[in-house]
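Below is one structure, written out as structure tokens, with a few remarks after it.
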Amino acid sequence: MSASNRTNIPNSLNEHWMPFSDNKNFKKNPRLIIDAKGVYLTNHEGKKMIDGSSGLFCNPLGHGRREITEAVTKQLDKLDYCQPFNQGFGGSFELATRIAKKTPGDLNKIFYTICGSTAVETAIKISIAYHRAKGQGHRFRFVGRERGYHGMNIGATTVGGMINNVKTFASVLMPGVQHMRHTHLPEHKFVKGQPETGADMAEDLERIAMNFGGENIAACIVEPIAGSTGTLIPPKGYLKRLREICDKHGILLIFDEVITGWGRTGSAFGAQEFGVTPDLMTMAKATTNGVIPMGVVACKDEIYDAITDASSAPEGAPELFHGYTYSGIPAAVAAALAVQDIFDKEDIFKRAKEMSPYFQDGLHSLKDIDIVTSIRGYGMMGGIDIKMKDKPGKAGFQTFKHCYDAGVNFKSTGDTLIIAPQFICEKKHIDEIIEKLRTGITNYAKS
Ligand SMILES: Cc1ncc(COP(=O)(O)O)c(C=O)c1O
């Protein structure tokens with residue numbers, strides 16, 4: 001294989017240990033993607049498929065955006081790397097200013113990380129550092145939520161709430177983490193938008209505060225909409241109640257907006273969409289349209305001020321002993337700046353908001369298929385539950401494969417199909433996604 005067709009058919013599939021994959025099965029029957037343009041992907045057999053999940057919620061602006069490629073190429077030609085510790089380059093500051101303009105309230109301080117997991121880890125550390133700076137080092141506990149997904153380092157795994165991600169690593173998880181119950185109630189099946197019931201699930205945070213002492217809790221972290229476990233939408237009033245309980249006990253509220261950030265709900269962030277401002281917010285994925293890894297933590301000014309003011313370190317020593325070799329590297333920043341340009345020029349969040357009802361109607365039109373047991377959605381994201389067969393996850397994956405053969409690509413988690421179209425989709429593309437989902441799900445049901 002020559003360098004020119006490196007992404008086509010490799011000589012061997014044996015050496016690459018794939019993440020979150022059934023390696024053995026995949027290698028018997030691989031699904032390799034060799035080309036991506038706009039809303040379409042082409043696999044190694046030359047089959048064209050529509051991208052039904054924006055990659056992994058990464059590429060809302062479509063694949064192969066020339067503006068992004070050109071911006072990155074230009075940046076690499078001029079400055080390919082500069083160390084981010086006590087040094088910098090203009091782009092990362094410009095990007096921080098632009099991100100801060102879109103974040104809610106006074107979340108104006110921007111810390112760069114490498115991905116969503118490192119953004120969550122950073123938010124956890126900043127919470128601890130903030131409380132220490134305020135003389136409250138005893139606040140070490142964190143509260144997450146069942147069915148939450150926050151990434152895969154130890155901190156993010158611990159605050160997450162997906163059992164299979166935790167089992168193997170239970171012995172090394174962070175101490176002092178409690179989980180609230182998830183908000184997906186049986187009566188939420190086939191409910192469009194925000195459910196009317198379930199706001200009282202937020203009282204779990206109050207109970208945890210009563211059991212462990214609210215004064216010992218550093219932060220509570222939730223995704224405004226739980227994405228990876230199938231679009232679990234917050235009941236009306238739920239996030240607001242979490243905010244009130246956090247305020248009452250001095251607990252920081254972290255919104256993990258790695259999926260919901262950058263327009264997925266129809267607003268810049270879930271925070272604005274649901275009218276609740278957190279203290280810290282994480283983002284990744286669409287920040288660069290998925291083309292170069294980058295994570296971001298946006299913090300309230302007060303958090304930054306407390307940590308930097310409390311530092312009595314000598315000149316040159318960090319106020320916060322935390323950072324990454326690849327924090328805000330030039331290529332990622334260039335991609336993210338180009339993405340910001342596109343967001344503004346094409347009024348992308350508005351476009352997502354306007355397309356959302358059409359997409360949600362399409363999604364719910366699949367309700368009549370026998371093996372579909374629930375459908376949920378909000379903005380440009382949705383989850384379809386497939387009736388479990390023998391063991392959890394089997395039906396979901398088999399359905400995914402039938403849909404792939406029918407020409408729509410996405411991700412399944414357990415028995416849930418995760419659908420998240422690109423924001424550049426036109427109605428005809430939404431129709432195509434829904435039609436191919438119907439074909440794939442029906443073919444699986446007949447198989
Ligand atoms: C809400 C949320 N947080 C964090 C992460 C972890 O991001 P990454 O895979 O970039 O580390 C994800 C990934 O899907 C996510 O959905």
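The values are calculated or read from the model by the stated rules, or taken from the named source; none is laboratory data. Just so we're clear, the structure is a prediction, and the values are computed from it rather than from any experiment. Glycine gets a Cβ as well: all are built from the backbone with ideal geometry, and neighbour counts include every protein chain shown.
Looking at the structure I just gave you, is residue 315 of a type in the set (D, E, K, R) and outside any helix (DSSP H, G or I)?
Against the criterion (of a type in the set (D, E, K, R) and outside any helix (DSSP H, G or I)), residue 315 qualifies.
With the structure loaded, tell me whether residue 163 is in contact with a Phe, Trp or Tyr (Cβ under 8 Å, 6 or more places away or on another chain) and either modelled with pLDDT under 95 or not basic (Lys, Arg) (or both) or whether it fails that test.
no
Could you tell me which numbered condition residue 103 fails, if it satisfies all but one of (1) in contact (Cβ under 8 Å) with a residue 12 or more places away in the chain; (2) within 25 Å of residue 394 (Cα to Cα)?
(2)
Within the stretch 21-77, how many residues are assigned to a helix (DSSP H, G or I) and of a type in the set (D, E, K, R)? Walk me through how you get there before you give the answer.
As a first pass, look at the stretch 21-77 and keep what is assigned to a helix (DSSP H, G or I): 23-28, 54-57, 66-77.
From what's left, of a type in the set (D, E, K, R): 24, 27-28, 66-67, 70, 74, 77.
Adding up the residues that qualify gives 8.
Taking into account only those residues within the stretch 191-208 that are more than 8 Å from residue 235 (Cβ to Cβ) and at pLDDT 95 or above, which is surrounded by the most Cβ atoms within 10 Å (Cβ to Cβ)?
Taking the candidates together, the pick is 205.
I'd like the full set of residues that are farther than 19 Å from residue 302 by Cβ and among the basic types (Lys, Arg), limited to the stretch 77-116. Spell out the reasoning first.
Filtering the stretch 77-116 for residues farther than 19 Å from residue 302 by Cβ gives 77-95, 98, 102, 112-116.
Residues satisfying the conditions are 78, 98, 102.
Determine whether residue 97 is within 23 Å of the chain's Cα centre (by Cα) and either more than 16 Å from the ligand (Cβ to nearest atom) or assigned to a helix (DSSP H, G or I) (or both).
yes
For residue 237, work out the one condition from (1) in contact (Cβ under 8 Å) with a residue 40 or more places away in the chain; (2) more than 19 Å from residue 105 (Cβ to Cβ) it doesn't fulfil.
Unmet for residue 237, out of (1) in contact (Cβ under 8 Å) with a residue 40 or more places away in the chain; (2) more than 19 Å from residue 105 (Cβ to Cβ): (1).
Taking only the stretch 138-177 into account, find how many residues are within 22 Å of residue 215 (Cβ to Cβ) and surrounded by 12 or more Cβ atoms within 10 Å (Cβ to Cβ).
The first filter runs over the stretch 138-177 and keeps only residues within 22 Å of residue 215 (Cβ to Cβ), leaving 138-145, 155, 158-159, 174-177.
In the following step, the residues that additionally are surrounded by 12 or more Cβ atoms within 10 Å (Cβ to Cβ) were identified as 138-145, 155, 158-159, 174, 176-177.
Of the residues in that region, 14 qualify.
Got at least one residue in the stretch 199-211 being within 16 Å of the ligand (Cβ to nearest atom) and among the hydrophobic types (A, V, I, L, M, F, W, C)?
No, every residue in the stretch 199-211 fails to be within 16 Å of the ligand (Cβ to nearest atom) and among the hydrophobic types (A, V, I, L, M, F, W, C).
Which is within 21 Å of residue 299 (Cβ to Cβ) and acidic (Asp, Glu), of 223, 215, 146?
Sole residue among the options that is within 21 Å of residue 299 (Cβ to Cβ) and acidic (Asp, Glu): 223.
Would you call residue 383 small (Gly, Ala, Ser) and in contact with a helix residue (DSSP H, G or I) (Cβ under 7 Å, 6 or more places away or on another chain)? Even if it seems obvious, please write down each step before you answer.
Values: small (Gly, Ala, Ser): yes; in contact with a helix residue (DSSP H, G or I) (Cβ under 7 Å, 6 or more places away or on another chain): no.
No.
Considering only residues that are under 29 Å from residue 85 (Cα atoms) and outside any helix (DSSP H, G or I), which ones fall in the stretch 324-351?
Selection gives 324, 325, 326, 327, 328, 329.
Looking only at residues in the stretch 279-306 that are in a helix (DSSP H, G or I) and crowded, with 22+ Cβ neighbours inside 10 Å, which one is nearest to the ligand (Cβ to nearest atom)?
Initial filter on the stretch 279-306 (in a helix (DSSP H, G or I)): 285-288, 301-306.
Those still in the list that are crowded, with 22+ Cβ neighbours inside 10 Å too: 285-288, 303.
Working: 285: 7, 286: 11, 287: 10, 288: 11, 303: 20 Å.
Of everything passing the filter in the stretch 279-306, 285 is nearest to the ligand (Cβ to nearest atom).
I'd like the residue in the stretch 242-278 that is within 16 Å of the ligand (Cβ to nearest atom) and assigned to a strand (DSSP E or B) and, out of all such residues, is surrounded by the fewest Cβ atoms within 10 Å (Cβ to Cβ).
Once the filter is applied, the top-ranked residue is 253.
A quick yes/no check of all residues on (1) farther than 28 Å from residue 295 by Cβ; (2) not hydrophobic (A, V, I, L, M, F, W, C):
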site: 338; (1), (2): no, no
site: 342; (1), (2): no, no
site: 363; (1), (2): yes, no
site: 374; (1), (2): yes, yes
site: 381; (1), (2): no, no
site: 389; (1), (2): yes, yes
site: 395; (1), (2): yes, no
site: 399; (1), (2): yes, yes
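Read through the list (1) more than 16 Å from the ligand (Cβ to nearest atom); (2) of a type outside the set (A, V, I, L, M); (3) closer than 30 Å to residue 274 by Cβ, then give the number of the only condition that residue 69 fails.
(3)
If a residue must be of a type in the set (D, E, K, R) and under 20 Å from residue 351 (Cβ atoms), how many such residues does the stretch 255-283 contain? If you could, list the steps in order and put the result at the bottom.
Kept after step one, since they are of a type in the set (D, E, K, R), are these residues of the stretch 255-283: 256-257, 264, 273, 279.
Imposing the further condition that a residue be under 20 Å from residue 351 (Cβ atoms) reduces the set to 257, 264, 273.
Here the count works out to 3.
Condition test on residue 313, is it at negative phi, free of Cβ contacts under 8 Å to residues at least 24 places away in the same chain and touching an Asp or Glu at 6+ places or on another chain (Cβ under 7 Å)?
Yes, satisfied.
What strands (runs of 3 or more DSSP E) completely inside the stretch 357-447 contain at least 2 residues that are more than 21 Å from residue 223 (Cβ to Cβ) and touching a residue at least 12 places away in the same chain (Cβ under 8 Å)?
372-378
Pick from 415, 431, 405: which is crowded, with 20+ Cβ neighbours inside 10 Å, acidic (Asp, Glu) and at pLDDT 95 or above?
415
Just to be sure before I move on: is residue 77 without any contact (Cβ under 8 Å) to a residue 24 or more places away in the chain, of a type outside the set (A, V, I, L, M, F, W, C), within 25 Å of residue 286 (Cα to Cα) and away from the ligand (no atom under 16 Å from the Cβ) in the structure I sent?
yes
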